[in-house]
């Protein structure tokens, strides 16, 4: 009876959230078009908007895109509808009032219903390179996990960690860098049970019933390192793929190697500082001796993994080929092309089957990025992103409406929002707006785009912000006592300072630091 009551309450909450989204959408649709938006679509050669050939205003440009003559009122209405779609979709993605896949399809349906873009353009927007990239990278992660390569890579590094200090100052930075190229979720999923077994073995060896400080350091350490390692490369996650797609749409495509150049120094510095923070805060509360050698326990785990198999060797070779294509040929093949090539090779060599793809790849997540790409195209084409960017800039004090302070402000928005909704949805919602703000302020689009994407990885305080946190929280069960080794309170206590650290390092080490020394193409 209690389960039925809980289920009924849950459904009521979901229905209430859906009703709120519908009500918001309807209210926006029926309210008059803001005067500032109407003036924008009639403005001659507006800064920050790429006009179609022969067009002088956004109204003329939208008319050219749609192939029909629109009045300024009609063009402004389409921009207003696009804004309603943006906020309603972001709300539904964040709350999951309806399944993610339903929201993904809803976006496309509304674009068709209100004729925001031509039908063929909507289809093309849903099938961009970024969408193939996220589908391919999720599939590659399935192959890496199925053949056991992720476990081998994890234990390869873990077995060389001797003490708690080396775990914080060596392993966590290595994990952060790896998270930029391999599936961070897969790495965390395999590391959690391994670390929990090692944790229990250490406690039993020293006659300790439990050592929560040690558990918190081990488990939150890998989660935070993987989160902050997310900016490392475009392959790290869908949030980066969405930004790659947005930058391409805005006429400033970024290559795989270019992204790494701006990202990897940040990842290495922030992971070292976070390791130092956790070590300094928790070391004195850890019960096991300072001289305890982790490597002895970790080598026992690694001993049972056996020799590398043929499938692992093939998977490693495919990974290296895909990585080489990303680095050397991303301008020609994009990021999605090498992923699909790798997928085909995995199927040919029977590393995975099509059933594995159907079973383990979350197509609703792939759809989220497809819908995000379509929204980005709609926001840009209608001028909605430009109008919202101008409105937001107008709210800022004059000192933060340009230059590095605008980049910092965008990162603060993204870093805060990502703790309450998924990183991909965060970039999908504010990416086009941030890039339009950059155009209005005369900033290089890469600076704002990278700052937005980087800070969307800073979901450390709540478990809903990223699958990494959820995997750690779910798997943090002491094998000996059955108790939770990490609580929601631990995420708040340690996650909030880590998020602040990540933002401060991004601002002063990257944006105001080495970014100023690097060329911006």
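Results, tabulated for the structure shown:
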item: Subset of the range 475-496 [part of a helix (DSSP H, G or I) and either without any contact (Cβ under 8 Å) to a residue 12 or more places away in the chain or buried (at least 17 other Cβ atoms within 10 Å of the Cβ) (or both)]; result: 475, 489, 490, 491, 493, 494, 495
item: Residues that are in contact (Cβ under 8 Å) with a residue 40 or more places away in the chain and surrounded by fewer than 20 Cβ atoms within 10 Å (Cβ to Cβ), drawn from the range 49-79; result: 50, 65, 66, 67, 73
item: Flag if residue 450 is farther than 20 Å from residue 40 by Cα, in a loop (DSSP other than H, G, I, E, B), modelled with pLDDT of 80 or more and out of contact with any strand residue (DSSP E or B) (no Cβ under 6 Å at 6 or more places or on another chain); result: no
item: Number of the condition not met by residue 502 [criteria: (1) within 21 Å of residue 416 (Cα to Cα); (2) over 16 Å from the mean Cα position of the chain (by Cα); (3) surrounded by 21 or more Cβ atoms within 10 Å (Cβ to Cβ)]; result: (2)
item: Test: residue in the range 388-402 that is at pLDDT 85 or above, in a helix (DSSP H, G or I), surrounded by fewer than 24 Cβ atoms within 10 Å (Cβ to Cβ) and out of contact with any strand residue (DSSP E or B) (no Cβ under 9 Å at 6 or more places or on another chain); result: no
item: Helices (runs of 4 or more DSSP H) fully within the range 180-285 counting 3 or more residues that are at pLDDT 90 or above, surrounded by 24 or more Cβ atoms within 10 Å (Cβ to Cβ) and in contact with a helix residue (DSSP H, G or I) (Cβ under 9 Å, 6 or more places away or on another chain); result: 212-229, 256-282
item: Some residue of the range 80-92 being farther than 26 Å from residue 419 by Cα, crowded, with 17+ Cβ neighbours inside 10 Å and modelled with pLDDT of 85 or more; result: yes
item: Only one of 460, 468, 419 that is crowded, with 24+ Cβ neighbours inside 10 Å, in contact with a helix residue (DSSP H, G or I) (Cβ under 7 Å, 6 or more places away or on another chain) and not in a helix (DSSP H, G or I); result: 460
item: Any hit, the range 346-364, residues being closer than 21 Å to residue 126 by Cα, assigned to a helix (DSSP H, G or I) and within 20 Å of the chain's Cα centre (by Cα); result: yes
item: Matching residues, the range 451-473, being touching a residue at least 12 places away in the same chain (Cβ under 8 Å) and more than 26 Å from residue 405 (Cβ to Cβ); result: 462, 463, 464, 466, 467, 468, 469, 471, 472, 473
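The values are calculated or read from the model by the stated rules, or taken from the named source; none is laboratory data. On a predicted model such as this, the values are computed, not experimentally measured, just so you know. So basically every Cβ, Gly included, is an ideal-geometry build from the backbone, and we count neighbours across all protein chains shown.
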